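Q: I am attaching a structure below and will ask some questions about it afterwards.
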Amino acid sequence: MTKFVLAGRADCPFYAKAELLADYLQKNLPDFRVHKITQHPHVWEEWLNDLCKKNKWDHKNSPIIWRELLDRGGKGLLLGGYNEFLEHAQLYYGVTSSMTTEMMKVIAQENLMTHIEDEREKEALKQLIEPLNVWITSASCLPCYHLIPILTSGEVFGMHTEISITLFDDEKTEEYLQILVAEMRDLVSPLLQSVSICTRVEEAFRQAHVIIILDDHTDKEVHTLEDCIRSRVPLCRLYGYLIEKNAHDSVRVIVGGKTFVNLKTVLLMRYAPNITHNIVAVALGVEGEAKAALARKLKTTSSCIKDVIIWGNISGNSYVDLRKAKIYDYESAIWGPPHFSRPILSLIFDSEWVNKEFVATLEELTATGKQFGAILAAHSIATTLKYWYHGSPPGEIVSLGVLSEGQFGIPEGIVFSMPVKFENGTWVVLTDLKDIAISEQIMTRMTSDLIQEKLVALGDLIHFQPYQSEHKDSMNSSVLQEEEKDLIMSDVDFSDLISETNTKKPLSQEPVNEPEGKTVEQ
């Protein structure tokens, strides 16, 4: 079979004459096929230059005609322009064209009008395909800058899902947001249908399918932790109202940041009760830090470590559970296929490191607010969204902050990080995991602050009292001492180990200011 491609400027008379000849040959020859391409006169020259550069051809005029050699993988063989095509038809098929010049011009104008109409129809059809509307709050903060390229790459929502991004922040950040918008357009992402700025509160979250909540800015100075907790309520109440009023019915809300993540999530659920199940808190940042620390110890990469569970307060008193943690592709005396894994705790022979240094490392990161750098925060949000839309890796445990319904003995009504899996566009708590029971003492440590934060925020409690250990030692030490009674039986069997990170902070009468205008870190 012979296949020719005929391309030309939509208003070119010679393209019209070549088209008529090609149509005649296709109609009368069973093995002759033609594919026609028209380009608007404004873009023809650029299109032709790109085509010739790609195929290493030398051709300057309209039309351009080439033969696709189907028996050689479809590689193009340049024939030339109208004259070369006419000579080929006369030589091989004994056919010529007798179209007059006037007729050529008439058909050329008809071709141009048809091309313009086709382009309009394509544009109208494109408008009918609703993009995924993504809203990012506090868009002037650094994590947003790192998040945008990931969202527009197709890795999160899919390579065929067009998105529209709206950057939401207050008016004083508008100049910076305009610069950010210009950079986004320079990406020339085929999936980014539009990008816009919103600084009017009443217009926030209109038809939003995805809302990403980042750390909010505040210029208000507070002197106590209680005031700091209560200061989160007005914005969460406003966001909850606007989400229920303006967002799409199936909106998914994901809360990130490094301050009061669990509290902000539970407040959003309170003020947007119709979408409670579609509001989650990102816990993968803490998980990433834990995996990185383990990887450094084992001299491997953190991507080889799976199933580390984060329990509790994402930006505060949390537990890093290694009882299910596994490592893949680990260089040791025992090797296996790619799916072969070994328990992390069976490879760490230094119980002192696990019980003290590992815990202290994570505690320091959390206490100093360094645990959620902008890149890690962006990657954690993007990965959580990716799992939410496309499912988490089969058999892998993912940590996520969700509303407790009493699973694992966790008190109901608080947002708590726990093990889940993503499938079919939703998430499921892994309540069927074996041997992950949490002791009452450890549970009290993790839930006390979360319960008090919620009560203080809602005005049901006046003073916040950070949980105090019954022992004089630090919170980490006392827990580990209790657990080490069962752990020291073996040098390698740490299967009952749960490591804790804690951010207990004493209250101060001095003003406490957060980075970038925030008031307190927890």
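The values are calculated or read from the model by the stated rules, or taken from the named source; none is laboratory data. Here the structure is a predicted model, which means the values were calculated and not measured. So basically every Cβ, Gly included, is an ideal-geometry build from the backbone, and we count neighbours across all protein chains shown. For accessibility, only protein heavy atoms count, side chains too; no ligands or nucleic acids. Shrake-Rupley method; radii C 1.70, N 1.55, O 1.52, S 1.80 Å.
Q: Any residue that is in contact with a Lys or Arg (Cβ under 7 Å, 6 or more places away or on another chain) and of a type in the set (Asp, Glu) - is there at least one of those in region 316-330?
A: no
Q: From the list Val255, Val320, Val266, which one is among the β-branched types (Val, Ile, Thr) and within 21 Å of the chain's Cα centre (by Cα)? Outline the logic, then answer.
A: Working: Val320 fails: within 21 Å of the chain's Cα centre (by Cα); Val266 fails: within 21 Å of the chain's Cα centre (by Cα).
Only one candidate qualifies: Val255.
Q: Further question: Given the criterion open to solvent by less than 30 Å² (accessible area, probe 1.4 Å), in contact (Cβ under 8 Å) with a residue 24 or more places away in the chain and not in a strand (DSSP E or B), identify the matching residue among Leu51, Leu20. Give the steps one after another, and end with the answer.
A: On the way: Leu20 fails: open to solvent by less than 30 Å² (accessible area, probe 1.4 Å).
The conditions single out Leu51.
Q: Report, by residue number, each residue of region 253-263 that is open to solvent by 10 Å² or more (accessible area, probe 1.4 Å) and in contact with a Gly (Cβ under 9 Å, 6 or more places away or on another chain). Walk me through it before giving the result.
A: Residues of region 253-263 open to solvent by 10 Å² or more (accessible area, probe 1.4 Å): 257-258.
Across region 253-263, the qualifying residue is only Lys258.
Q: Follow-up. Are any residues in region 322-354 within 23 Å of Met418 (Cβ to Cβ) and open to solvent by less than 60 Å² (accessible area, probe 1.4 Å), and if so, which ones?
A: Correct list: Leu322, Arg323, Lys324, Ala325, Lys326, Ile327, Ser341, Ile344, Leu345, Val354.
Q: Now for a different question. Which condition from (1) touching a residue at least 24 places away in the same chain (Cβ under 8 Å); (2) over 27 Å from the mean Cα position of the chain (by Cα) is the one that Leu455 breaks?
A: Answer for Leu455: the failing condition is (1).
Q: Of the residues Leu376, Leu400, which single one is within 18 Å of the chain's Cα centre (by Cα), in the same structural domain as Ile213 (by the TED database) and not in a helix (DSSP H, G or I)? First the steps, then the outcome.
A: Numbers: Leu376 fails: not in a helix (DSSP H, G or I).
Only one candidate passes the filter, namely Leu400.
Q: What single numbered condition from (1) assigned to a loop (DSSP other than H, G, I, E, B); (2) open to solvent by less than 10 Å² (accessible area, probe 1.4 Å); (3) touching a strand residue (DSSP E or B) at 6+ places or on another chain (Cβ under 9 Å) fails to hold for Val359?
A: Val359 satisfies all of (1) assigned to a loop (DSSP other than H, G, I, E, B); (2) open to solvent by less than 10 Å² (accessible area, probe 1.4 Å); (3) touching a strand residue (DSSP E or B) at 6+ places or on another chain (Cβ under 9 Å) except (1).
Q: Condition check: closer than 19 Å to Ala208 by Cβ and either free of Cβ contacts under 8 Å to residues at least 40 places away in the same chain or touching a Gly at 6+ places or on another chain (Cβ under 9 Å) (or both). Does Val181 satisfy that?
A: On the way: closer than 19 Å to Ala208 by Cβ: yes; either free of Cβ contacts under 8 Å to residues at least 40 places away in the same chain or touching a Gly at 6+ places or on another chain (Cβ under 9 Å) (or both): yes.
So Val181 passes the test.
Q: Could I ask something else about it? Return yes or no: is Thr38 polar (S, T, N, Q), surrounded by fewer than 17 Cβ atoms within 10 Å (Cβ to Cβ) and either without any contact (Cβ under 8 Å) to a residue 24 or more places away in the chain or in the same structural domain as Glu119 (by the TED database) (or both)?
A: no
Q: Which residue out of Glu119, Glu174, Glu183, Glu202 is under 30 Å from Ala16 (Cα atoms), open to solvent by 50 Å² or more (accessible area, probe 1.4 Å) and not in a loop (DSSP other than H, G, I, E, B)? Break it down into steps so the answer makes sense when it comes.
A: Numbers: Glu174 fails: under 30 Å from Ala16 (Cα atoms); Glu183 fails: under 30 Å from Ala16 (Cα atoms); Glu202 fails: under 30 Å from Ala16 (Cα atoms).
Answer to the check: Glu119.
Q: Look at Tyr15 and say whether it is over 42 Å from the mean Cα position of the chain (by Cα), closer than 28 Å to Asp118 by Cα and not in a loop (DSSP other than H, G, I, E, B). Show your work before the answer.
A: Details: over 42 Å from the mean Cα position of the chain (by Cα): yes; closer than 28 Å to Asp118 by Cα: yes; not in a loop (DSSP other than H, G, I, E, B): yes.
Taking the combined requirement at face value, the residue satisfies it.
Q: If I ask for residues that are in a helix (DSSP H, G or I) and either in contact (Cβ under 8 Å) with a residue 40 or more places away in the chain or outside the structural domain of Leu385 (by the TED database) (or both), which ones from region 419-447 would you list? Even if it seems obvious, please write down each step before you answer.
A: From region 419-447, those in a helix (DSSP H, G or I) are 440-447; that's our starting set.
Scanning region 419-447 gives Gln441, Ile442, Arg445, Met446, Thr447.
Q: Then there's this: Pick out, from region 230-339, the strands (runs of 3 or more DSSP E) lying fully within it that include 3 or more residues that are touching a residue at least 60 places away in the same chain (Cβ under 8 Å).
A: Where strands (runs of 3 or more DSSP E) fall fully within region 230-339 and carry at least 3 residues being touching a residue at least 60 places away in the same chain (Cβ under 8 Å), they are 252-255, 279-282, 309-312, 318-321.
Q: Can you pull out the residues in region 274-303 that are over 25 Å from Glu363 (Cβ atoms), open to solvent by 10 Å² or more (accessible area, probe 1.4 Å) and out of contact with any Asp or Glu (no Cβ under 8 Å at 6 or more places or on another chain)?
A: Those that are over 25 Å from Glu363 (Cβ atoms), open to solvent by 10 Å² or more (accessible area, probe 1.4 Å) and out of contact with any Asp or Glu (no Cβ under 8 Å at 6 or more places or on another chain): Thr276, His277, Asn278.
Q: Please find, within region 58-98, the residue that is modelled with the lowest pLDDT out of those that are open to solvent by less than 30 Å² (accessible area, probe 1.4 Å), in contact with an Asp or Glu (Cβ under 9 Å, 6 or more places away or on another chain) and not in a loop (DSSP other than H, G, I, E, B).
A: Gly76
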